[in-house]
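Q: Got a structure for you, written out below as structure tokens; questions coming shortly.
The values are calculated or read from the model by the stated rules, or taken from the named source; none is laboratory data. These numbers were taken from a predicted model, which means no experiment stands behind them. Don't worry about glycine lacking a Cβ; one is built from the backbone with ideal geometry, like all the others, and counts go over all protein chains shown.
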């Protein structure tokens, strides 16, 4: 019986965190409609962060968002147009002191689509030949601790608050000296869902037997859709952490609502405001990803989504009253269509 239920279909069926987002959000759409009626706009969320295109809901440039941050707070980054010559890119990387491995990511996109850790010049050339959109090359941050931290601040207030924190546990196996990598992967329900991705990344090593205690990171990206385990660590929120995060977030022009993905050395260092790097800053399209903790029920998730929608509505309404316009229905649908086209191109590129 256990073997029957240890199958992708049943794993997804009995664990809501793997459900399609449309299914998760479907019961909440009437509430979003209510907020939209109150705001007189289906796209009121585009007013959340006036300094970010569409408030960070969709089609925001990652490179433009990084420019809002002090350079010391995010990884060294090279912006690249599609079709850039490899020698030109290598020269840009050299100017910034970047060495392999590096992270490549599309300038537009979400859920880790098109993100790749690149180890060699040959792999970089291959990425250039397939990526269909402008992209970024970033230094790889070696700190293993990674979190998603949700920050909110009302436009008329000087200080904000942290509404949730999620720890991101990388897809990794630990050898026992007996089982192959493939066997270790397939006995883990979470990793089994990522089998095609893992097979692509580690095809030549899958039937090696890792030594006892040997830890192998299989997927080096902190994305839930790519297998990372998300654990709610909101109990880490304290006055010191809040003050540190608020210190730089409140100085990011026009930023009031969103999630910061952060890699850091230790909690003590993060609280002290040192040895950390903001991998990404996401705006009004952000989810309170601490809800994806496997110990949380779908009811908890719905509660957190509504809580954050209420905060978002208040922030957007305040910004709108100050002059930030909402996208019209026509404008919003056009932006969604453009994004869907880019997303389809990235999926087809199979990076």
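This table checks each residue for (1) crowded, with 16+ Cβ neighbours inside 10 Å; (2) assigned by TED's automatic domain parsing to the domain that holds residue 59; (3) at pLDDT 95 or above.
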| position | (1), (2), (3) |
| --- | --- |
| 88 | no, no, yes |
| 94 | no, no, yes |
| 100 | no, no, yes |
| 103 | yes, no, yes |
| 108 | yes, no, no |
| 114 | yes, no, no |
| 122 | no, no, yes |
| 131 | yes, no, no |
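For (1) on the phi > 0 side of the Ramachandran plot; (2) in contact with a helix residue (DSSP H, G or I) (Cβ under 6 Å, 6 or more places away or on another chain); (3) in contact (Cβ under 8 Å) with a residue 24 or more places away in the chain, each residue gets a yes or a no:
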position	(1), (2), (3)
236	no, no, yes
272	no, no, yes
284	no, yes, yes
300	no, no, no
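Q: Could you please let me know if residue 293 is more than 24 Å from residue 102 (Cβ to Cβ) and not assigned by TED's automatic domain parsing to the domain that holds residue 158?
A: It is false that residue 293 is more than 24 Å from residue 102 (Cβ to Cβ) and not assigned by TED's automatic domain parsing to the domain that holds residue 158.
Q: Sticking with this structure for a sec: Tell me the residue from 209, 306, 262 that is surrounded by fewer than 17 Cβ atoms within 10 Å (Cβ to Cβ), at pLDDT 95 or above and within 18 Å of residue 171 (Cα to Cα), please. Spell out the reasoning first.
A: Numbers: 306 fails: within 18 Å of residue 171 (Cα to Cα); 262 fails: surrounded by fewer than 17 Cβ atoms within 10 Å (Cβ to Cβ).
So the residue among 209, 306, 262 that is surrounded by fewer than 17 Cβ atoms within 10 Å (Cβ to Cβ), at pLDDT 95 or above and within 18 Å of residue 171 (Cα to Cα) is 209.
Q: For the range 176-209, enumerate the residues that are more than 22 Å from residue 113 (Cα to Cα) and either assigned by TED's automatic domain parsing to the domain that holds residue 118 or touching a strand residue (DSSP E or B) at 6+ places or on another chain (Cβ under 6 Å) (or both).
A: Of everything in the range 176-209, just one residue is more than 22 Å from residue 113 (Cα to Cα) and either assigned by TED's automatic domain parsing to the domain that holds residue 118 or touching a strand residue (DSSP E or B) at 6+ places or on another chain (Cβ under 6 Å) (or both), namely 184.
Q: Only one of these conditions is not met by residue 152: (1) more than 20 Å from the chain's Cα centre (by Cα); (2) buried (at least 17 other Cβ atoms within 10 Å of the Cβ); (3) in the same structural domain as residue 307 (by TED's automatic domain parsing). Which number is it?
A: Result: residue 152 passes all but (1).
Q: Let me ask you something else. Please tell me if residue 217 is in a strand (DSSP E or B), at pLDDT below 95 and surrounded by fewer than 14 Cβ atoms within 10 Å (Cβ to Cβ).
A: Details: in a strand (DSSP E or B): yes; at pLDDT below 95: yes; surrounded by fewer than 14 Cβ atoms within 10 Å (Cβ to Cβ): yes.
Here the answer is yes, as residue 217 does meet what is asked.
Q: With the range 1-84 as the region, which helices (runs of 4 or more DSSP H) entirely inside it contain at least 3 residues that are over 22 Å from the mean Cα position of the chain (by Cα) and surrounded by fewer than 16 Cβ atoms within 10 Å (Cβ to Cβ)?
A: 2-5, 8-13, 29-39
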